[in-house]
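The values are calculated or read from the model by the stated rules, or taken from the named source; none is laboratory data. Remember, predicted model here, so these are calculated numbers, not experimental data. Virtual Cβ from ideal backbone geometry, glycine too; neighbours counted across all protein chains shown.
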Amino acid sequence: MLQPAKDSIDVGIFVKDIRTMLDFYQGTLGLEKTEEVPTAFGTIHRFRHGTSDIKLMDPKEIPPAAPNGFGKRLGIGYLTFVIKDLSGLCAALKDKGAEFTIPETEIRPGTRIAMIKDPEGNILPGVRASSPQAAKMAALPGSGWKRPEAGVAGPAPGGYTIS
């Protein structure tokens with residue numbers, strides 16, 4: 001079984017335009033770039049968020065793109081940042097011209113989200129929960145996201161609704 005060596009998970013994102021993506025993740029989001037590592041596949045640009053690493057891979061050969069957007073493909077579809085000041089982040093990102101797919105919204109008592117797209121269409125939700133337990137629950141099934149057939153009104157990207 002998986003035995004964690006740290007309290008977070010790292011993620012890698014293969015990108016088409018590394019310069020634009022570096023500007024967004026470093027300049028727009030303000031993530032700290034910690035490392036640049038050449039590999040057999042391309043160059044990894046590593047950023048830190050808490051104890052997690054977000055690794056932008058500038059591949060030697062660019063693979064075909066999969067559809068982007070919330071609920072548009074199977075597999076990993078979004079990267080969530082649990083943060084302290086969602087309203088402040090949303091205001092700063094709006095000033096920087098970020099594209100919101102969902103503006104700041106309360107999805108259930110004590111839990112607020114906002115979703116933006118990075119320059120290549122990857123969905124990046126920000127979550128602000130009023131308690132550590134709410135933060136843990138925000139990304140779990142039944143946390144407020146329901147498919148349309150559940151009969152809940154209020155459209156969201158990808159045919160999902162917010163309850």
Some residue of segment 98-107 being of a type in the set (Ser, Thr, Tyr), within 15 Å of ILE123 (Cα to Cα), part of a strand (DSSP E or B) and within 14 Å of the chain's Cα centre (by Cα): yes
Filter result (farther than 19 Å from GLY27 by Cα and surrounded by 14 or more Cβ atoms within 10 Å (Cβ to Cβ)) within segment 44-80: PRO59, ASN68, GLY69, PHE70, GLY71, LYS72, GLY77, TYR78
Could you list, in sequence order, the residues of segment 76-97 that are in a loop (DSSP other than H, G, I, E, B) and either hydroxyl-bearing (Ser, Thr, Tyr) or over 16 Å from LEU124 (Cα atoms) (or both)? THR80
Residue among ARG128, ARG73 that is modelled with pLDDT under 90 and part of a strand (DSSP E or B): ARG128
Pairing a residue in segment 71-85 that is among the acidic types (Asp, Glu) with any residue that is surrounded by 14 or more Cβ atoms within 10 Å (Cβ to Cβ) and outside any strand (DSSP E or B), where Cβ atoms lie under 9 Å and the two sit 6 or more apart in sequence or on different chains, gives none
Looking at LYS84, LYS33, which one is touching a Leu at 6+ places or on another chain (Cβ under 9 Å) and surrounded by fewer than 16 Cβ atoms within 10 Å (Cβ to Cβ)? LYS33
Condition (residue is modelled with pLDDT under 75, over 23 Å from ILE54 (Cα atoms) and polar (S, T, N, Q)) applied to segment 133-156: is it met by at least one residue? yes
Number of the condition not met by PHE47 [criteria: (1) farther than 25 Å from LYS84 by Cβ; (2) within 16 Å of the chain's Cα centre (by Cα)]: (1)
